[in-house]
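J.: This is the structure, below, for whatever I ask next.
The values are calculated or read from the model by the stated rules, or taken from the named source; none is laboratory data. None of these values were measured; they are calculated from a predicted model. All Cβ positions, even for glycine, are placed from backbone atoms using ideal geometry, and neighbour counts span all protein chains on display. Calculation scope for accessible area: heavy atoms of the full protein, side chains included, ligands and nucleic acids excluded. Shrake-Rupley method; radii C 1.70, N 1.55, O 1.52, S 1.80 Å.
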Amino acid sequence: MFHRVAVNYPVKNQGLTYSVPLGLELSVGDMVDVPLGRRKELGCILETNVAAPEGVATKDIFQKREDYPSVRSEDLKLYQWMADYYHYGLGQLIADCLPATKKRPRPLKPIQGEGLPPEHQATAVQRNVIDAIAAQGPSFSKHLIHGVTGSGKTLIFLELVRRTLAQGKSALYLLPEINLTPQFVKTFSAHVNVEVMTFHSEVTASEKYLIWKEAAESDKPRLYIGVRSAVFLPIAHLGFVIVDEEHDGSFKQDDRCAYNARDVAIKKAQLANCPIVLGSATPAMEMWHHFNSQVPKTFYHPLRERVTDASLPEIVLVDTKNPANKPKPNPSESVWPLHETTVAALKDALANGEQALVFINRLGFANYIQCRACGHQFNCKNCSTTLRFFKNKNQLSCQHCEYHEPMPPGCPKCGNLTLLQKGFGTERVQEELKRLLPQASIERFDRDEIRTFQALQDKLEAFHCGKIDILVGTQMLSKGHNFKRVKRVVILGVDNQLNMPDFRASEKIWQTVVQVAGRAGRYSHDGKVYVQTANPESQLFEMIRSQSFDGFYESEMTIRKLCECPPFYRLAALYFSGRFQDKVIGHVTGDVEPMLRGLRTQHFPNVQILGPRPALIEKRANQYTWTVLLKSQDINQLHNMLRSFQMNWNGISGISLKVDVDPQHLS
């Protein structure tokens, strides 16, 4: 007897055939140990009782892995779809997604929901959305709730989850980042009467293993709240899926299988035959276009106003071209990198007993250090980037690898003692604010300051309790948080993104500014957001200032169509990496490019080939990377060309290939 097995190794194929020892009973989906060369690897049974391979000696399956629950049919279909769509080895994908097994796992302590009624009744607009989604029934349908910040999307999600749980089915709630989980777990656990399970990087390996087994084996309805990886939980009787902040780039995995959890969640809901709801104040362009294109079983629900008595904050564009805003020789006279207008706004907030947020999406004190005499810059030894200066640690650190070195007293090249600190980050802004506002409590909210989940919870709790007046943070501040006393928000450093060589640059700025601005005035009429920019006349910033609901999307769609970019074209990126630059360049230009162009000429004329070219950061962690971008309106030709390339590509030692379908960052 022979079975076909998906084996954990980095080759894309239809599985390997193994013989089955007498007495070993196996079914499709069972996890097994199999021999692969001289080592033992994990595998998953794909098909039983297959024909013996001709002219090939087979090896016996070692054993069934009783510590893993069998992969259910619909989960196996999801893995097979992912392996095919993202061009990744099926066996390796399954092994990547499964939790580590534990022989003696600690007892699981789920959060028990209190089942309290919601604090607020749904408005007529919210009720219309709830009823419209519920009217589609329990079978598969897709919904996008496009609602401004503070429009009450969470209450809609809560009501839909409560209805699902009341029917005896479980619900899955996906969030983009771990820092949002405390708030949403607190909200939902108060108002559902079932166990709430959280699944993210701070959950221990033992807990993850038990949650996985409970999800697969238990019939009890539960609410699962988690980040990207929670989409793989094998939830029995799944009745509803929610993807909050669906636009967020954190749903896209960069390493291994480059999947987008939002798209995987849609496929998961389709296989489970249950509804899925996506929510965002700033939907991704692809989703906005898809849900406005009259696709069957696809529904668009706009929420254009905030609930209760709150209104959207006023957006003030602060022109930083004013010479008065430049750094002054006497530091005590300067407010840089802030502006006098924004400093005055923060002082007013403090005088009124309010809290404020300051957003800057850069860590550290200075972006880089440069010698004033010879211009020498301090570069990472492992990457083709400059080192960032962290003043509190007095060290220079790379943002792409773990390399760091002490801040030198002078230039190692010419000996000059004057080293210029170029640019700014959260550390610099916090220090400047403490000097300008000595009476205020000012803290940072970034991954350099917050390294544990407990520290994250403590910082948020301190801010909610009013122990912190001003929070200076990165993208961790930009979405989902509900701060009652925040009426003033300051946004710094967005101009740099305008110059990024990425067709999504405008979309990312729009999403960032609108999301950060949405933290202001959620319980009042007088919220204000100050955006410091040297380009206030830009059409993008004008649309941000006017808070156009659809204007940005309609304008950007015109540009995307002219430039042949998503959502009108589909993209796939091929990344080739290795330790030796000459070897990578020679292989990509001498072998890969001719093969791709030959495939295009002979079989796939509707696929455009852009490149090859070096990655934006060519050397990262001692690996040189070159990339080729494929673009086409014909999704079938694009995928078939990728399959043909992988079948014919003869990889060489020392060079790895990563396929990224629907890339979010053109690196």
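J.: With labels modelled as points extended 7 Å from the Cα through the Cβ direction, what inter-label distance (nm, one decimal) is found for residue 616 paired with residue 542?
T.: Output for this residue pair reads 2.7 nm.
J.: Something else: In what order, largest first, do 564, 41 sit by accessible area if the probe radius is 1.4 Å? Intermediate values should be presented prior to the final figure.
T.: Numbers: 564 65, 41 35 Å².
Highest to lowest solvent-accessible surface, that is 564, 41.
J.: On the accessible surface of the chain, probed at 1.4 Å, how many percent belong to carbon and sulfur atoms? Present the calculation step by step, with values, prior to reporting the outcome.
T.: Details: 14260 of 29310 Å².
Carbon with sulfur: 49 percent of the solvent-accessible area.
J.: State whether the range 137-208 is rounded, prolate or oblate according to the following rule on the C-alpha gyration tensor (a ≥ b ≥ c being the square roots of its eigenvalues): a/c under 1.5 gives rounded; otherwise a/b larger than b/c gives prolate, and the remaining case gives oblate. Display every interim value, and only then the final one.
T.: On the way: a/c = 1.69, a/b = 1.25, b/c = 1.35.
Cα axes put the range 137-208 in the oblate bin.
J.: Could you state the accessible area per residue of the chain in Å², with a 1.4 Å probe and every protein chain left in place? Please list the in-between numbers first.
T.: Numbers: 29310 Å² over 667 residues.
Per residue, the chain has an accessible area of 44 Å².
J.: For the chain, what is the percent of antiparallel DSSP beta bridges, rounded to the nearest 5? Let's see the in-between values first.
T.: Details: 56 of 109 bridges.
Beta bridges within the chain, antiparallel portion: roughly 50 percent.
J.: Of 14, 401, 433, whose Cα points farthest to the positive end of the dipole of the chain (charges on the beta-carbon: +1 Lys, Arg; -1 Asp, Glu; origin at the Cα centre)?
T.: Of the candidates, 401 comes out farthest on the positive side.
J.: Applying 1/(1 + (r/R0)^6) with R0 = 35 Å to the Cβ-Cβ distance of residue 482 and residue 50, what FRET efficiency is obtained, to the nearest 0.05?
T.: Details: r = 55 Å, r/R0 = 1.56.
Once the sixth-power term is evaluated, E becomes 0.05.
J.: Further, regarding this structure: Per residue and in cubic angstrom, what volume does the convex hull of the Cα atoms of the chain have?
T.: In the chain, the Cα convex hull volume per residue is 183 Å³.
J.: Near residue 528, which aspartates and glutamates are there with a Cα under 14 Å away, not counting those fewer than 8 places off in the same chain?
T.: Residue 528 reaches 314, 348, 354.
J.: Something else: Would you mind working out the magnitude of the charge dipole of the chain relative to its Cα centre, with +1 at each Lys and Arg C-beta and -1 at each Asp and Glu C-beta, to the nearest 20 Debye? Before the final figure, lay out each step's value.
T.: Details: 79 positive and 69 negative charges, 208 e Å.
For the chain, the charge dipole is close to 1000 debye.
J.: Please report the relative contact order for the range 112-199, taking Cα pairs under 8 Å with a sequence separation of at least 6, and give it as a percent rounded to a whole number.
T.: Values: 60 pairs, mean separation 50.7, N = 88.
Once normalised by length, the contact order is 58 percent.
J.: Here's a follow-up. Considering only lysines 8 or more places apart in sequence, or on different chains, count the pairs in the range 222-323 whose C-alpha atoms sit under 23 Å apart.
T.: Working: 252/267; 252/268; 267/297; 268/297.
Lysine pairs, 8 or more places apart or on different chains, close enough: 4.
J.: Next up: Using the C-alpha atoms of the range 4-97, what convex hull volume per residue, in cubic angstrom, is computed?
T.: On the way: hull volume 9.7 nm³, N = 94.
In the range 4-97, the Cα convex hull volume per residue is 104 Å³.
J.: Okay, moving on. Would you list, by chain and number, the lysines whose Cα falls below 16 Å from the Cα of residue 631, excluding same-chain residues fewer than 8 positions away?
T.: Partners found: 561.
J.: On a straight-distance basis, which aspartates and glutamates could pair with residue 583 in a cross-link, Cα separation under 19 angstrom, same-chain partners fewer than 8 positions away excluded?
T.: List returned: 591, 593, 618.
J.: What's the FRET efficiency of residue 273 with residue 418 using the Cβ-Cβ distance as r and R₀ = 56 Å, to the nearest 0.05?
T.: On the way: r = 68 Å, r/R0 = 1.21.
It comes out at approximately 0.25.
J.: Now for a different question. Once you order the gyration tensor axes a ≥ b ≥ c over the Cα atoms, which shape class does the range 459-543 get: rounded for a/c under 1.5, otherwise prolate or oblate by comparing a/b with b/c? Could the numbers behind the result be given before it?
T.: Values: a/c = 2.41, a/b = 1.86, b/c = 1.30.
Prolate, since a/c reaches 1.5 and a/b exceeds b/c.
J.: Among the listed pairs 40/619; 619/658; 77/153; 393/422; 422/459; 142/484, give every one whose C-alpha distance is greater than 23 Å. Kindly include the intermediate steps, with their values, before the conclusion.
T.: Values: 40/619 34 Å; 619/658 16 Å; 77/153 31 Å; 393/422 17 Å; 422/459 29 Å; 142/484 32 Å.
Going by Cα-Cα distance, 40/619; 77/153; 422/459; 142/484 fall outside the 23 Å limit.
J.: Would you give the gap between the C-alpha center of the range 186-255 and the C-alpha center of the range 282-301, rounded to a whole Å?
T.: Using only Cα atoms, the two centres lie 25 Å from each other.
J.: Continuing with this model, one more query. Test of understanding: what is the full-extension gain from residue 128 to residue 116, defined as 0.36 nm times their sequence separation minus their Cα-Cα distance?
T.: Separation in residues times 0.36 nm, less the Cα-Cα distance, equals 2.0 nm.
J.: Could I ask something else about it? Restrict the search to the range 187-277; then list the GluC sites (Glu not before Pro) that DSSP places in a loop and that have at most 16 other Cβ atoms within 10 Å of their Cβ.
T.: Details: sites: 195, 202, 207, 214, 217, 245, 246; in loops: 202, 245, 246.
Qualifying residues, ordered by number: 202.
J.: I need the shape label for the range 528-637. Rule: rounded when a/c is under 1.5, else prolate if a/b > b/c, else oblate, with a, b, c from the alpha carbon gyration tensor.
T.: Numbers: a/c = 4.10, a/b = 1.63, b/c = 2.52.
Oblate is the answer for the range 528-637, as a/c is 1.5 or above yet b/c matches or exceeds a/b.
J.: Let me have the 222 nm mean residue ellipticity of the chain computed from DSSP H runs of 4+ only, each contributing -39500 (n - 2.57), with the sum over all residues rounded to the nearest 500.
T.: -8500 deg cm²/dmol
J.: What percent does the relative contact order of the chain come to when contacts are Cα pairs within less than 8 Å and at least six residues apart?
T.: With pairs under 8 Å counted, the relative contact order is 12 percent.
J.: Below 8 Å, C-alpha to C-alpha, sequence gap of six or more: please give me the relative contact order for the range 277-431 in percent. Can you show the working numbers first?
T.: Values: 181 pairs, mean separation 28.2, N = 155.
RCO, the range 277-431: 18 percent.
J.: Subtract the Cα-Cα distance of residue 649 and residue 25 from 0.36 nm times their separation in residues, and report this length gain in nm to one decimal. Show your work: numbers first, answer last.
T.: Values: separation 624, 0.36 × 624 = 224.64 nm, distance 3.80 nm.
So the extension gain works out to 220.8 nm.
J.: If one computes the Cα centroid of the range 508-580 and of the range 607-630, what distance in Å separates the two points?
T.: Comparing the Cα centres of the range 508-580 and the range 607-630, I get a distance of 25 Å.
J.: Let me ask something else. For the range 220-322, what value does the Rg/Rh ratio take when both radii are computed over Cα atoms and Rh is the Kirkwood radius, given to two decimals?
T.: 1.06
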